[in-house]
Amino acid sequence: MSKTATIIACPTCKKSVAWNEKAIFRPFCSERCKLIDLGEWASGGHSIPAEPVLPEDFDVPAGSDLPEQY
Ligand SMILES: [Zn+2]
């Protein structure tokens, strides 16, 4: 069985990104897009529920978007 390439779209610029060990910034295409997305989270630029959210209760999704260390 050969590996099937998984292609995703960068959340920031929608550019196609190959999901593999070399895509260390996945799901982003580059560090720049990653930082842009994180910046939008911090400033509330991302799409968030209309209901008010207390900063203390604001959990940032963690895990899958962090590059593994090799
Ligand atoms: Zn991008």
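Only the coordinates and a few stated rules stand behind these numbers; no lab work does. Because the structure is a prediction, the values reported are computed rather than measured. Glycine gets a Cβ as well: all are built from the backbone with ideal geometry, and neighbour counts include every protein chain shown.
Spin-label model, A18 to E56: label points 7 Å out along the Cα-to-beta-carbon direction sit 4.8 nm apart. For the listed peptides 31-40, 13-22, a ranking on the average number of other beta carbons within 10 Å per residue, highest first, reads 31-40, 13-22.
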